[in-house]
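Since the structure comes first, as structure tokens, the remarks are kept for the end.
The values are calculated or read from the model by the stated rules, or taken from the named source; none is laboratory data. In this text the structure is predicted, and so the values were computed from the model without any measurement. Neighbour counts run over all protein chains shown; Cβ positions are idealised from the backbone, glycine included. For the accessible areas, the whole protein counts, side chains as well, though only heavy atoms, and no ligand, DNA or RNA atoms are used. Shrake-Rupley method; radii C 1.70, N 1.55, O 1.52, S 1.80 Å.
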Amino acid sequence: MITASPAQPLSAVPSASGRYGAFGGVYVPETLVSALVQLEEEYRRARSDPAFSAELDALLATFVGRATPLYHAKRLSAYAAERSGRGQAANIWLKREDLAHTGAHKINNTMGQALLTRRMGKRRIIAETGAGQHGVATATAAAHFGLRCDVYMGAEDVRRQRLNVVRMKLMGANVIAVESGSRTLKDATNEAMRDWMASVEGTHYALGSVVGPHPFPMIVRDFQSVIGRETRRQSVEAFGRLPDAVVACVGGGSNAAGIFYPFVDDAGVRLVGVEAGGRSRKPGDHAAPLSFGTPGILHGSLSYVLQTDDGQTADVHSCSAGLDYPGVGPEHSYWKDAGRVTYTAATDDEALDSFTLLARTEGIIPALETAHAIAEAVRLAGQMPCDRHIVVNCSGRGDKDVDEASRLLGLREAGR
Ligand SMILES: *Cc1c(COP(=O)(O)O)cnc(C)c1O
């Protein structure tokens, strides 16, 4: 167990060597080390340069559409009260990242990384993508800055996520279908890293979540922390104090880290991360490394990973492509072992129920990823008094998921 001493608040990570307690670090081939060092130096310079922050803030306001609203989901809260069997529940508020440009939180990170790319004098940006959301956000940032853009995507995902492939191409990005391995996100990440090793001179690799070798987990967390900073301010405006609980779904963990990080030193704010519980607790049926995994190395850092007994990365499953990943960011592993954040899992079925629940009670169709967090928020609200406040990170909108959700709902109907 890691314990926080008053001299060392939990927010004081990573260490100079990129560690979050025992987690994180830099486990990469020699050729990438100098690129990572260059990136960290450039990032530290940018962070202390008022011109960088001013340009990023202006872009977030005028291009991304920030600040996103904090919305009181009254009918969802009423539903939670009814279902609780106690006749009351906490107030549920949604942090509306689904209203950000391109429909999810991912753009907060890619605009920041594209600005860094330009500062480093690089003209090309590459990315990995699973469902295509990070690919779209990267292609968007590249178009804005006039950068060349190549996106690696598993061939299986290219087929499943046609709409996002078209969006990326429309914005001038080149989509490279990866035919190796399981032809999904893990394989696309391997290929993007391989490309970067050969092209690092003129190319920046824009990683899409708080994963990978240091300094990526720190950079992505910092760019996404705008979500939590706005939430603090908006909570005080809306209900006069900080929230009692903050809930977010966890794939790689970037939307969760972004909303949690500005609250980690506030002991009175309960933080809950929700992983993909999939079909069952059996290996291969879920994508919940913090709930069921063990520490191991994946994509350049040490963190909880779903792996077989002989250390091979395990197969994973989730109804939502954005949570379908066997690893998780090292800072989440740190928060888990420190007991600061509680990690739970919502199943495919619970996510599907919450997908329709939010649509019907509030007129908001969430991403299937986000629906996992909604499920946990309704459960948690039902255990709390009605003068309490829960903020859920509404990480993205569900337009991309309507075909898959209606297919799954149809299957369920047929099974009844
Ligand atoms: C990509 C994505 C996620 C999962 O990624 P994190 O890095 O865990 O945030 C969650 N929600 C939406 C809408 C996404 O697009």
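Filter the stretch 274-304 down to the residues that are under 22 Å from Arg183 (Cα atoms), among the hydrophobic types (A, V, I, L, M, F, W, C) and buried (at least 22 other Cβ atoms within 10 Å of the Cβ) and list them by number.
Ala276, Ala287, Ala288, Leu298
Restricting the first residue to the stretch 96-107 and requiring it to be within 7 Å of the ligand (Cβ to nearest atom), which pairs with a second residue that is assigned to a loop (DSSP other than H, G, I, E, B) and open to solvent by 10 Å² or more (accessible area, probe 1.4 Å) meet a Cβ separation below 9 Å and a spacing of at least six or different chains?
Taking only residues 6 or more apart or on different chains, the pairs are Lys106/Ser209.
Ser182 passes all but one of (1) in a loop (DSSP other than H, G, I, E, B); (2) within 16 Å of the ligand (Cβ to nearest atom); (3) open to solvent by 30 Å² or more (accessible area, probe 1.4 Å); which number fails?
(2)
Pick from Gly181, Gly253: which is out of contact with any Gly (no Cβ under 6 Å at 6 or more places or on another chain) and on the phi > 0 side of the Ramachandran plot? If you could, list the steps in order and put the result at the bottom.
Values: Gly253 fails: out of contact with any Gly (no Cβ under 6 Å at 6 or more places or on another chain).
It is Gly181.
Looking at Leu323, Leu358 in this structure, which one is within 16 Å of the ligand (Cβ to nearest atom), over 23 Å from Phe23 (Cβ atoms) and open to solvent by less than 40 Å² (accessible area, probe 1.4 Å)?
Values: Leu323 fails: over 23 Å from Phe23 (Cβ atoms).
Checking each option against the conditions leaves just Leu358.
Scan the stretch 193-213 and report the pairs whose first residue is of a type in the set (Asp, Glu) and in a loop (DSSP other than H, G, I, E, B) and whose second residue is within 13 Å of the ligand (Cβ to nearest atom) and open to solvent by less than 30 Å² (accessible area, probe 1.4 Å), with Cβ atoms within less than 8 Å and a gap of 6+ or a chain change.
Here the result reads none, with nothing in the stretch 193-213 linked to a residue that is within 13 Å of the ligand (Cβ to nearest atom) and open to solvent by less than 30 Å² (accessible area, probe 1.4 Å).
Restricting to the stretch 108-142, count the residues that are more than 10 Å from the ligand (Cβ to nearest atom), in a loop (DSSP other than H, G, I, E, B) and either open to solvent by less than 10 Å² (accessible area, probe 1.4 Å) or in contact (Cβ under 8 Å) with a residue 60 or more places away in the chain (or both).
3
So Asp187 passes all but one of these: (1) part of a helix (DSSP H, G or I); (2) open to solvent by less than 20 Å² (accessible area, probe 1.4 Å); (3) touching a residue at least 40 places away in the same chain (Cβ under 8 Å). Which condition number does it fail?
Failing condition for Asp187: (3).
In the stretch 330-341, is there at least one residue being within 14 Å of the ligand (Cβ to nearest atom), in contact with a His (Cβ under 9 Å, 6 or more places away or on another chain), open to solvent by 20 Å² or more (accessible area, probe 1.4 Å) and over 19 Å from Ala405 (Cα atoms)?
no
Please specify each residue of the stretch 202-213 satisfying the condition of being open to solvent by 10 Å² or more (accessible area, probe 1.4 Å) and farther than 15 Å from Cys149 by Cα.
Ser209, Val211
Filter the stretch 379-397 down to residues that are surrounded by 20 or more Cβ atoms within 10 Å (Cβ to Cβ) and over 22 Å from Gly253 (Cβ atoms) and give me whichever is nearest to the ligand (Cβ to nearest atom).
Step by step, filter the stretch 379-397, then rank; the result is Ala381.
The rows are residues; the columns are (1) within 9 Å of the chain's Cα centre (by Cα); (2) open to solvent by less than 30 Å² (accessible area, probe 1.4 Å); (3) over 21 Å from Arg47 (Cβ atoms).
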{"position": "Val220", "(1), (2), (3)": "no, yes, no"}
{"position": "Ser225", "(1), (2), (3)": "no, yes, no"}
{"position": "Gly228", "(1), (2), (3)": "no, yes, no"}
{"position": "Glu237", "(1), (2), (3)": "no, no, yes"}
{"position": "Leu242", "(1), (2), (3)": "no, no, yes"}
{"position": "Val246", "(1), (2), (3)": "no, yes, yes"}
{"position": "Cys249", "(1), (2), (3)": "yes, yes, yes"}
{"position": "Gly258", "(1), (2), (3)": "yes, yes, no"}
{"position": "Tyr261", "(1), (2), (3)": "no, no, no"}
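Considering only the stretch 72-93, how many residues are touching a helix residue (DSSP H, G or I) at 6+ places or on another chain (Cβ under 9 Å), of a type outside the set (D, E, K, R) and surrounded by fewer than 21 Cβ atoms within 10 Å (Cβ to Cβ)?
Matching residues across the stretch 72-93 total 6.
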